[in-house]
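The values are calculated or read from the model by the stated rules, or taken from the named source; none is laboratory data. The structure displayed is predicted, hence computed values, not measured ones. Please note: Cβ atoms are built from the backbone with ideal geometry, for glycine as well, and neighbour counts cover all protein chains shown.
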Amino acid sequence: MTRSEVDPKGPRPQRRVGWGRATWAVLALMTAGFANAQAPQQVTGPGGDTPKPPAGSGVIRGQILLGGNPARISELPVALYALRSDGAPGLMGTRTDADGRFVFEGISDADDIVYLVGAEYLGVPFAQRAVFEAGARELVVDLALNKIVESRADLGVPEVTYKFDWVGGQLFVQISHRILNPSDEVVYVAQDRRGEQSPPFTAALPENVSEYIDGQGGQRSDLVRDGNRLHFWGPVYPGPQDLRYGYLLDGPQTDNASSAETFEIVDALPVGADRLRVLVAAGTAAPHGNGLADPAELVAIEDVEYASYVGAAIEPGGEVRLSLPVPASSHDLANLELTRADFWIDHDDTAIRISAEVHVSVAGPNRLLAPLGGQLLDLELPPNAQFLGLSGSTRMLGVEPNGRGGLAVRGPLAPGPSVIAYRYRIPVDGRAELDIRFERAVDLLNILVADNGVIIESERLHRKRPFKQGTRFYLHREAYQIDADEVVSVALEPLRHHAVSPAGARWAALGLAALAAVFLLLPLRDKNDARTPTASSGLALEREILYESIHDLDHDFETGKIDAVDFRALRDELRADAIGLMRQERASVPDRRLSPRGPLAAVPGPNVCPTCGAAIEISWSFCAGCGGGLDAKQEPA
């Protein structure tokens, strides 16, 4: 991709998750527990903001099973989650009947939609994945529930994985315990029983943790922190599942970015593990400790390559002791370049929403890291902006609020290109004004505005060809060589006035143009010309223009230029006008033989059109005056 090109995929969303992980991650809509890999999640019923699954003629029916046998559990809430191939979700719910049966009707039977049927039983969520086969209209999905116990002595931990990433001057440690349940029972301790029972699994945190990260702001109900201990209360399902959490550790307190240092990690494992696995960024020096084997295996995790080292088993109550090399770093801001900035803008009458992507590049062999208490780059936000969050893996670049209404980039930034993606919202009332400024020069600035009726005003930007992204069209403006601290002002003026949409205004103008065309397209004729057009011929031409307008409207709707509400209203209006013209034509048929020149002229002579009285040739199939067809079996009058 050249510097002048914009990513056709649009703004980078939060990193997309494949179905293996999305099965549990996106089911936050259906669940109350945290997403554990391979473990079904708690079904709480459809969410109000999630649409229903795609409609169709498909049917999913099933039976609740308990211990492998049909269970007569009535009024049990059952949820159906749908994930289309384009990532769009759908959610609906029902309840079981007296025999424990359930059915979902009127859903799509497309074989590229993955369904998940889920229910919660005694506080434990259960789920079953299902896909229609090609050509099938009905799918039977029996939902099996397992016996629930509060403890088992044979739970094992075949592997524990430590993944290390440097985020600014801190080390981000992500831990995954692989828990194996060899039985057919689910181990779970309900909240009202936790004062009397021991947790099925326990982990520990180092004393020098600066921030604990569990994915839910420390509010997980299944994994509860108690000082430096973590208690996992389940559910632990049959087979293997991963328990994940993380924490941040402050790195070496030194301002010598090029010094070769190591960082010591000490972490206790109350339960132990049969094997230790350590992941560090590929190309960095190898960690040492706990019998880690070298060379490492290269693995890709979310498009990032890591070196994977395998270590020895850890006995229950043992420790993970690792010596982790600190990557060589540089503070030299001369190695930092801002190559491109893309601002994707969506707007309505109340706010504009901006997804910004700042493309940076680091020269040299070393990562770029801000000195203690400093930053590599400040990204300015408008004074009235509401920060909505970071996108993708931007957090791993050490991006955080700077306390002055903007964002500070502390690094590390790896050698080569990186993308800093963030989102914010600006309240507006009609016209929107946006000032964009960077503290360093930017080679190329792209402004991409969703085309839902807006005029872009800017003296600095020049026009580029609009383009289509998915079902939407974007207006494109760009500017080269933005200087440091230069202010690029952009104003968005809505075309929408008094609740009239841009599409409505366009079609209203088209309607006026159509009426004008009736008079412009009809040639002036001499009063003695036998082919003087009649009222019906003018109505026919106007009707054909309306038909063409309907065709153009259909095309605009199919290509996403007009929304469904405007489309239906405008199409109904144009269709009603066309029907009205047709009725007027039919009502005027008896008078078509009458001429403005008097009753004598109403009597057609030889070789004239039987409809309008215009002169015709015997070989013609259509009249040149009114466009009416000449029946081959009927000679001219």
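Can you name the number of the only condition in (1) modelled with pLDDT of 90 or more; (2) not in a strand (DSSP E or B) that residue 295 fails?
It is condition (1) that residue 295 fails.
So that you can scan it fast, the table gives a plain yes or no per residue for (1) over 19 Å from residue 484 (Cα atoms); (2) in the same structural domain as residue 178 (by TED's automatic domain parsing); (3) part of a strand (DSSP E or B):
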position	(1), (2), (3)
307	yes, yes, yes
316	yes, yes, no
346	yes, no, yes
354	yes, no, yes
370	yes, no, no
387	yes, no, yes
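Scan region 145-178 residue by residue and report those that are closer than 30 Å to residue 68 by Cβ and in a strand (DSSP E or B).
Residues satisfying the conditions are 145, 148, 149, 156, 157, 158, 177, 178.
I need the full set of residues from region 153-167 which are of a type in the set (D, E, K, R), surrounded by 15 or more Cβ atoms within 10 Å (Cβ to Cβ) and over 30 Å from residue 370 (Cα atoms), in order please.
159
Out of (1) over 33 Å from the mean Cα position of the chain (by Cα); (2) modelled with pLDDT under 95, what's the single condition that is false for residue 302?
Condition not satisfied by residue 302: (1).
Can you pull out every residue in region 432-460 that is farther than 22 Å from residue 484 by Cβ and either outside the structural domain of residue 485 (by TED's automatic domain parsing) or over 27 Å from the mean Cα position of the chain (by Cα) (or both)?
If the condition is that a residue be farther than 22 Å from residue 484 by Cβ and either outside the structural domain of residue 485 (by TED's automatic domain parsing) or over 27 Å from the mean Cα position of the chain (by Cα) (or both), then 457 is the only one that fits.
State whether one or more residues within region 489-497 are over 30 Å from the mean Cα position of the chain (by Cα), in the same structural domain as residue 345 (by TED's automatic domain parsing), surrounded by 14 or more Cβ atoms within 10 Å (Cβ to Cβ) and modelled with pLDDT of 85 or more.
Looking for residues that are over 30 Å from the mean Cα position of the chain (by Cα), in the same structural domain as residue 345 (by TED's automatic domain parsing), surrounded by 14 or more Cβ atoms within 10 Å (Cβ to Cβ) and modelled with pLDDT of 85 or more, one finds none in region 489-497, hence no.
Among the residues of region 426-451, how many are surrounded by fewer than 17 Cβ atoms within 10 Å (Cβ to Cβ), in contact (Cβ under 8 Å) with a residue 60 or more places away in the chain and not in a loop (DSSP other than H, G, I, E, B)?
Residues meeting the conditions: 4.
Filter region 262-292 down to residues that are part of a loop (DSSP other than H, G, I, E, B) and among the hydroxyl-bearing types (Ser, Thr, Tyr), then give me how many there are.
Final tally of qualifying residues: 1.
For region 99-144, enumerate the residues that are touching an Asp or Glu at 6+ places or on another chain (Cβ under 9 Å), of a type in the set (A, V, I, L, M, F, W, C) and in a loop (DSSP other than H, G, I, E, B).
Of everything in region 99-144, those that are touching an Asp or Glu at 6+ places or on another chain (Cβ under 9 Å), of a type in the set (A, V, I, L, M, F, W, C) and in a loop (DSSP other than H, G, I, E, B) turn out to be 131, 132, 134, 136.
Restricting region 46-64 to residues that are outside any strand (DSSP E or B) and of a type outside the set (Asp, Glu), which is farthest from residue 125 (Cα to Cα)?
54
Among the residues of region 88-109, write down those that are among the small types (Gly, Ala, Ser) and more than 13 Å from residue 60 (Cβ to Cβ). Spell out the reasoning first.
Of all residues in region 88-109, those among the small types (Gly, Ala, Ser) come to 88, 90, 93, 98, 100, 106, 108.
The answer is 88, 98, 100.
Please verify whether residue 408 is more than 25 Å from the chain's Cα centre (by Cα), small (Gly, Ala, Ser) and part of a loop (DSSP other than H, G, I, E, B), treating the condition exactly as stated.
In short, no.
Could you tell me which residue of region 65-98 is farthest from the chain's Cα centre (by Cα), considering only residues that are among the aliphatic types (A, V, I, L, M), part of a strand (DSSP E or B) and farther than 22 Å from residue 136 by Cα?
Residues of region 65-98 that are among the aliphatic types (A, V, I, L, M), as a first pass: 65-66, 71, 73, 76, 78-80, 82-83, 88, 91-92, 98.
Narrowing the set further to residues that are part of a strand (DSSP E or B) leaves 65-66, 78-80, 82-83, 91-92.
Checking which are farther than 22 Å from residue 136 by Cα leaves us with 65-66, 78.
Details: 65: 36, 66: 37, 78: 26 Å.
This residue is 66.
Name the single residue, out of those in region 542-591 being at pLDDT 70 or above and of a type in the set (Val, Ile, Thr), that is nearest to residue 450 (Cα to Cα).
The residue in question is 565.
Could you please tell me which pairs satisfy a Cβ distance under 6 Å, a separation of 6+ or placement on different chains, a first residue in region 52-76 that is more than 19 Å from residue 130 (Cα to Cα) and in the same structural domain as residue 99 (by TED's automatic domain parsing), and a second residue that is assigned to a strand (DSSP E or B) and charged (D, E, K, R)?
75/95
Residue pairs, Cβ under 6 Å, 6 or more apart or interchain, first in region 461-483 and outside the structural domain of residue 346 (by TED's automatic domain parsing), second part of a strand (DSSP E or B) and of a type outside the set (Gly, Ala, Ser). List them.
Matching pairs, first to second residue: none at all.
Give 296, 300, 307, 313 a once-over and let me know the one that is over 17 Å from residue 326 (Cα atoms) and touching a Ser or Thr at 6+ places or on another chain (Cβ under 8 Å).
296
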